[in-house]
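Here is the structure we will look at, set down as structure tokens.
The values are calculated or read from the model by the stated rules, or taken from the named source; none is laboratory data. Keep in mind the model is a prediction, meaning the values are calculated, not measured. Cβ sites come from the backbone with ideal geometry, for glycine too, and all protein chains shown count toward neighbours. The protein model used for the area step is the full one, side chains on, heavy atoms only, and it has no ligands, DNA or RNA in it. Shrake-Rupley method; radii C 1.70, N 1.55, O 1.52, S 1.80 Å.
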Amino acid sequence: MSEKILIVDDEKEIADLVEVYLLGEGYEVFKFYNARDALACIRQEPVSLAVLDVMLPDMDGFSLCRRIRQTCLFPIIMLTAKVEDVDKITGLTMGADDYITKPFNPLELVARVKTQLRRYIHYDAAGQGAHVEEISLRGLYILKGRHVCTLNGKDLALTPIEFDILWYLCENKGRVVPAEELFEAVWKEKYLDQNNTVMAHIARLREKMQEPPRRPKYIKTVWGVGYTVEE
């Protein structure tokens, strides 16, 4: 069964173009021009990944992303016409997994879709004969093979990227992990200067773990160096 991709963009030409390329890769596509119809689709269909434009007529893409994250963990890629870092960071802290700036090469978008789907499918299928590794640290429990994470006995609903970040930091506990290393280990891409992706996802993780930003118990920032989980 092919993965189902949700496209939400009120610019018909862009939505149609993305649809053509994704259909060409064998994906099933649901295409909408507003947030209301997209949310209705999610309630009825098992969506595998969403591509959301930031500017929509009835709800901005950030708010739509936040609504989706209340119930769903599938990957979300944001499309933005703005290049400011604040837009990218906003999307990532709302729960998006990746972003791409307009105008974009459709082949690059397809590549991003494939990367996110590989991670999500592996995450969703974990536990099917997978090798089990676990970490227990001051109330935080992570079971890698089955992608289970609990904090003080309560489940943490983490996206695949959030899970991988937390696992890598805990696996390297006691060591300061540079942002560049963390990015390349989790995203499997070359880190570029002025990349705020890691920072935004760390902020999202801390929020889910109900960590106070200035005095976090688990993920601590070493300014100018990286992040660490202490022994």
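Where helices (runs of 4 or more DSSP H) sit wholly within the range 1-82, those with at least 2 residues that are surrounded by fewer than 22 Cβ atoms within 10 Å (Cβ to Cβ) and of a type in the set (Gly, Ala, Ser) occupy 12-24. When the range 118-141 is filtered for residues that are open to solvent by less than 20 Å² (accessible area, probe 1.4 Å) and modelled with pLDDT of 90 or more, only LEU140 remains. Residues in the range 192-223 that are touching a residue at least 60 places away in the same chain (Cβ under 8 Å), among the basic types (Lys, Arg) and open to solvent by 50 Å² or more (accessible area, probe 1.4 Å): LYS217 alone. One residue stands out among those in the range 17-40 that are free of Cβ contacts under 8 Å to residues at least 12 places away in the same chain and small (Gly, Ala, Ser): the one that is farthest from PHE74 (Cα to Cα), which is GLY24. Here is a check on your reading of the model: is LYS88 surrounded by fewer than 18 Cβ atoms within 10 Å (Cβ to Cβ), at pLDDT below 90, under 20 Å from the mean Cα position of the chain (by Cα) and among the basic types (Lys, Arg)? No; evaluated as a whole, the condition is false for this residue. Determine, yes or no, whether VAL229 is at pLDDT 90 or above, open to solvent by less than 10 Å² (accessible area, probe 1.4 Å), in contact with a Lys or Arg (Cβ under 8 Å, 6 or more places away or on another chain) and among the β-branched types (Val, Ile, Thr). Judged against the criteria, VAL229 is a match.
Rundown of residues vs (1) part of a loop (DSSP other than H, G, I, E, B); (2) without any contact (Cβ under 8 Å) to a residue 60 or more places away in the chain; (3) of a type in the set (A, V, I, L, M, F, W, C), yes/no style:
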| position | (1), (2), (3) |
| --- | --- |
| SER136 | no, yes, no |
| TYR141 | no, yes, no |
| GLY145 | yes, yes, no |
| ALA157 | yes, no, yes |
| PHE163 | no, yes, yes |
| TRP167 | no, yes, yes |
| ARG175 | yes, yes, no |
| LEU182 | no, yes, yes |
| VAL186 | no, yes, yes |
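Applying the criterion of being in contact with a helix residue (DSSP H, G or I) (Cβ under 8 Å, 6 or more places away or on another chain) and either β-branched (Val, Ile, Thr) or modelled with pLDDT under 95 (or both) to the residues of the range 1-16, the residue that is farthest from ILE76 (Cα to Cα) is GLU3.
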